[in-house]
Amino acid sequence: MTMPQRTYRANPAHEGPLRRPLIVWASVAAALSLLHFVDHAIRGELVVNRGLNPDWNHSGWPFNTLTDAPYVFPITFVVVFGLLLGGILFTLRGRLWAGFWLGTSIAVTAILVFVHFVGFSPGAAETPTVIAMSHSNAVGSVLALIDLFGLFAAFAALAFQAVRTRQRSGHW
């Protein structure tokens, strides 16, 4: 005998309990993303100052105007925070729901995978090894890697929550 699953049908009074976990995971992802962007800026300076492989510098403008770093940083910054902060705001207002968060989780995770495991050119990916080698001490390396893998975990949790919210609410 199985227990009947609670279903919420586009009733705003019932969406609060479903909205909260989406907002919490999106907020965690936004906080970790901010830390990750700060780490990119710090590592960019370390790469330049320590004379490391310039392909490891993904900080871009406005943090790095001394080299030919790709101008991806401001684009990803605007896209990621536009999606996350805009999504949080519009979810709080009841304008966005589970489908938005599933799509955002997939898109941002794809960006993370590309930058950190594929790269713009051969040898340019910011792999965990590159991140660890870019920092000048073990503490910075460990914190940067915890943040990176925390981002993957936060977006996975957000995607899972989006699917769960869809199942319970009956709409994307």
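Tell me which of these Leu52 doesn't satisfy, since it passes every other one: (1) loosely packed, with under 13 Cβ neighbours inside 10 Å; (2) at pLDDT 80 or above. Single failed check for Leu52: (1).
Can Thr109 be described as within 23 Å of Ala41 (Cα to Cα), β-branched (Val, Ile, Thr) and part of a helix (DSSP H, G or I)? Against the criterion (within 23 Å of Ala41 (Cα to Cα), β-branched (Val, Ile, Thr) and part of a helix (DSSP H, G or I)), Thr109 qualifies. All told, Val163 meets the bar of being among the β-branched types (Val, Ile, Thr) and surrounded by 13 or more Cβ atoms within 10 Å (Cβ to Cβ). Close Cβ contacts (under 7 Å, 6 or more residues apart or on different chains) running from residues in the range 29-56 that are free of Cβ contacts under 8 Å to residues at least 24 places away in the same chain to residues that are crowded, with 17+ Cβ neighbours inside 10 Å and of a type in the set (A, V, I, L, M) comprise Pro54/Val47.
Within the span defined as the range 5-20, one or more residues are surrounded by 15 or more Cβ atoms within 10 Å (Cβ to Cβ), assigned to a helix (DSSP H, G or I) and at pLDDT 80 or above. Among the residues of the range 114-147, those identified as farther than 17 Å from Leu34 by Cα, in a helix (DSSP H, G or I) and within 17 Å of the chain's Cα centre (by Cα) are Phe114, Phe117, Val118, Pro128. Among the residues of the range 119-134, the one identified as surrounded by 15 or more Cβ atoms within 10 Å (Cβ to Cβ), farther than 28 Å from Ala26 by Cβ and in contact with a Leu (Cβ under 7 Å, 6 or more places away or on another chain) is Ser134. Checked across the range 140-152, the condition of being under 16 Å from Trp25 (Cβ atoms), among the aliphatic types (A, V, I, L, M) and either at pLDDT 95 or above or surrounded by fewer than 14 Cβ atoms within 10 Å (Cβ to Cβ) (or both) holds for at least one residue. Among the residues making up the range 121-168, those that are free of Cβ contacts under 8 Å to residues at least 60 places away in the same chain and of a type in the set (Phe, Trp, Tyr) are Phe149, Phe152, Phe160.
The values are calculated or read from the model by the stated rules, or taken from the named source; none is laboratory data. Because the structure is a prediction, the values reported are computed rather than measured. Reconstructed Cβ throughout: ideal geometry from the backbone, glycine too, with neighbour counts over all protein chains shown.
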